[in-house]
Structure formats: structure tokens, C-alpha cells
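The values are calculated or read from the model by the stated rules, or taken from the named source; none is laboratory data. Quantities reported herein were computed from a predicted structural model and do not represent experimental measurements. Using ideal geometry, Cβ is built from the backbone for each residue, glycine included, and neighbour counts are taken over all protein chains shown.
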Amino acid sequence: MTNDVVVIGGGVSGLAGALALARARRSVLVVDAGEPRNAPAAHTHGYLTRDGIPPRELLKIGRLEVRGYGAQVVDGTVTAVKRLPDGRFRVALADGTEHEARRVLVATGLDDVLPDVPGLSERWGRDVVHCPYCFGWDLRDQPLGVLATGPRAVEVALMWRQWSPDIVLFQHTQPPVDDKRLEARGITVVAGEVVSIEVTNDRLSGVRLRSGEVIARRAIVVEPQFEPRRSLVDGDDTSGIWFAGNADDVKAGLMQSAALGVTAAVAINADLTEEDTALALQR
Ligand SMILES: Cc1cc2nc3c(=O)[nH]c(=O)nc-3n(C[C@H](O)[C@H](O)[C@H](O)COP(=O)(O)OP(=O)(O)OC[C@H]3O[C@@H](n4cnc5c(N)ncnc54)[C@H](O)[C@@H]3O)c2cc1C
């Protein structure tokens, strides 16, 4: 059987898209590898009516809602998407199964590539963080560090100042920072490369500089490189393929990602309706 839509990825964007499509009476298969981007965090914040819920719990509820309208959600990893001569798609999974679809919604999220500092990745999503709207409230008034990794470091430090009066900007391997806005907002700049993260009793307690000096901090802000997971369908011809969530917009939080999923679903349904009408005319 050919599905109307295969959704690759069952995070909030894929599931929100699948919900809209299933309610539009489309046959939908969601294939999900089960590793949402925010999984390292204990809680989800800012998702209206579900603030504070653990990330996987949110998706568990989402799967139930989607299945309630007849959509299938399976655990698995899509390894290839092939366009068939008649315009449909064949989607291959790592377990060897294949599924056909008239349209594909790619909601695979993104990879956060962290700076190469020992200890950072182990604390990611706990006390090494990037998003003030996700973590800022819980870290309010704490001694925080911002690790400079690129030209946005000053803006990031100024932004986090909204959540804490004690911000240190670590120059790390970046050129010296000279910006009077930092002093005006009481933000200290510390020169020297950060060589490791200090952890005490399973809590980040500071950062160690190459000089050996340790500067006490409760959490570190980093800006990862965002790499959208689009390689499955990279190529010139993306007709019939839609993107949603972080695969479409790296800046999208959970609410925005869910909205992007719905927006894509509405466009897919309109596209299928047009095709259904053209086929009916031909008959
Ligand atoms: C540590 C951390 C904490 C965060 N906390 C918050 C927060 O509190 N509030 C907030 O608004 N935002 C938060 N975010 C951002 C939030 O995680 C993203 O906005 C959201 O996850 C994007 O949803 P998505 O559906 O696009 O992708 P994801 O949630 O990443 O879901 C993508 C899904 O696709 C699956 N997948 C990928 N490739 C394949 C494949 N080939 N085959 C099958 N399945 C595949 C993945 O396993 C995953 O389950 C946080 C981000 C991080 C890094």
C-alpha cells in the first residue's frame, strides 16, 4: 500500500505534521529513530500547557494523539529515500523494510556540533547549555560563563545578562574582545584558552584555563554549530518533499517546530488535493 505521506522523524515537528495530516484523512506513516534533540535535558520548557514535562514524555503523548487518528508510528531509522519513475517515493529503513509514499515530510531535526573542549559534551543539556529560553529561568541569578566560539559571543553574553547579573565571557581561542557594552552591563571578560570543565558532585563547578586557573561557574553557555539533518534528500529535485522543525529552521524551539510541522502538513494536503483532482479529471 502506498501511504499518502511518510514522515521521517517523530519529534514535535514530525508528530504535529502527522496529526494534521491524519486529521485530514490522509494515510500517514511516521518513522522515528527516537532521539529528539532535547533528550539530554531533564525537562522541556516553554511548550504551552506542558511546561516542565520530560522531553520523551511529551513525545509519548504526541504519538498517542497521532495514532488516535489512524496514523502509524514506528520505531526505526530511514536510510534512503528514492524517487520512483511515477513520482512516488520509496523509503528504506535500517531494518530492511521499505515503504512507499506520495509525499515525504522530513522532520529529522539537527545535530548540535559542540566546541572541542574536554568535558563539554558530557554536560550538554544539563549545565552546558545554549538556549536562554529553555534554560535561563532555571539558571537565573547563578554565576554563568559564556564560551566565545565565534563573532556572536558578545551578543550571546549580553542576552544572558537578562537572566543573571554574574556573567563571565571567556575569550577562549577568539580574538580579544573590546566592547564597551559589556562593561556597561557588568560583564567580565576573561582572556585565555579554556582547556576543561570542572565537575564537583555531578554538577559543573567551574572552567579551567590553560594557565591552570579555575574560575568558578554554575553553568556554561556555548553556541554549537547547527547542522540540519537533510542528507537523506539532498539534491536539486525536492518536489514532493517538505521540511519541518529544525531540519527546516535551526533556530526553531519546540513550539515553532510544531508549528512548522503543521504548516508543512497543510501544504502537503493542498498539494495532494490538487493531484487527486487532476487524477479524477483524467478518469
Ligand atoms: C539540550 C536541549 C534542550 C532544549 N530544550 C528546549 C526547551 O526546553 N524548549 C524549547 O522550546 N526548545 C528546546 N530545545 C530545542 C528543541 O530541542 C528543538 O526545537 C526541537 O527538538 C525540534 O524539533 P524537531 O521535531 O525538529 O526535531 P527533534 O526533536 O530533534 O526530532 C527529530 C526526530 O527525528 C528522528 N530522526 C532523525 N533522523 C532520522 C532518520 N533518518 N530516520 C528516522 N528518524 C530520524 C530523531 O531521532 C528525532 O526523534 C532544546 C534543545 C537542546 C539541544
Going by the structure shown, is residue 103 touching a helix residue (DSSP H, G or I) at 6+ places or on another chain (Cβ under 9 Å), modelled with pLDDT of 95 or more and charged (D, E, K, R)? yes
Can you find, within the stretch 134-146, the residue that is nearest to the ligand (Cβ to nearest atom) among those that are under 13 Å from residue 190 (Cβ atoms) and out of contact with any helix residue (DSSP H, G or I) (no Cβ under 8 Å at 6 or more places or on another chain)? 145
So, restricting to strands (runs of 3 or more DSSP E) that lie completely within the stretch 67-170, which ones have at least 2 residues that are surrounded by fewer than 20 Cβ atoms within 10 Å (Cβ to Cβ)? 72-75, 78-83, 89-93, 98-106, 110-113
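May I ask you to verify whether residue 212 is near the ligand (Cβ under 9 Å from one of its atoms) and either under 30 Å from residue 163 (Cα atoms) or of a type outside the set (Phe, Trp, Tyr) (or both)? Can you show your working first?
On the way: near the ligand (Cβ under 9 Å from one of its atoms): no; either under 30 Å from residue 163 (Cα atoms) or of a type outside the set (Phe, Trp, Tyr) (or both): yes.
No.
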Would you check which residues across the stretch 18-39 are within 19 Å of residue 88 (Cβ to Cβ), within 14 Å of the ligand (Cβ to nearest atom) and assigned to a helix (DSSP H, G or I) and list them? 18
For the stretch 242-274, which positions are over 13 Å from residue 106 (Cα atoms), among the charged types (D, E, K, R) and within 13 Å of the ligand (Cβ to nearest atom)? 251
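On the basis of being under 20 Å from residue 248 (Cβ atoms), near the ligand (Cβ under 10 Å from one of its atoms), β-branched (Val, Ile, Thr) and touching a helix residue (DSSP H, G or I) at 6+ places or on another chain (Cβ under 8 Å), does residue 5 make the cut? Don't jump to the end; show me each part of the working.
On the way: under 20 Å from residue 248 (Cβ atoms): yes; near the ligand (Cβ under 10 Å from one of its atoms): no; β-branched (Val, Ile, Thr): yes; touching a helix residue (DSSP H, G or I) at 6+ places or on another chain (Cβ under 8 Å): yes.
Taking the combined requirement at face value, the residue does not satisfy it.
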In the set 259, 270, which member is touching a residue at least 24 places away in the same chain (Cβ under 8 Å) and of a type outside the set (Lys, Arg)? 259
If we scan the stretch 261-283, do we find a residue that is in contact with a helix residue (DSSP H, G or I) (Cβ under 7 Å, 6 or more places away or on another chain), surrounded by 15 or more Cβ atoms within 10 Å (Cβ to Cβ) and either closer than 30 Å to residue 153 by Cα or not assigned by TED's automatic domain parsing to the domain that holds residue 56 (or both)? no
Only listed residue being out of contact with any helix residue (DSSP H, G or I) (no Cβ under 9 Å at 6 or more places or on another chain) and part of a strand (DSSP E or B), chosen from 189, 207: 207
Could you tell me whether the stretch 227-245 includes any residue that is among the β-branched types (Val, Ile, Thr), in contact (Cβ under 8 Å) with a residue 40 or more places away in the chain and not assigned by TED's automatic domain parsing to the domain that holds residue 265? no
Out of all the residues in the stretch 189-223, which are among the polar types (S, T, N, Q) and touching a Gly at 6+ places or on another chain (Cβ under 6 Å)? 196, 211
What are the residue pairs meeting all of these: first residue in the stretch 108-119, first residue within 11 Å of the ligand (Cβ to nearest atom), second residue assigned to a strand (DSSP E or B), Cβ atoms under 7 Å, and 6 or more apart or on different chains? 108/8; 110/226; 110/227; 110/228; 111/227; 112/226; 114/124
Among residues of the stretch 174-199, those that are more than 23 Å from residue 138 (Cβ to Cβ) and free of Cβ contacts under 8 Å to residues at least 24 places away in the same chain, counted: 10
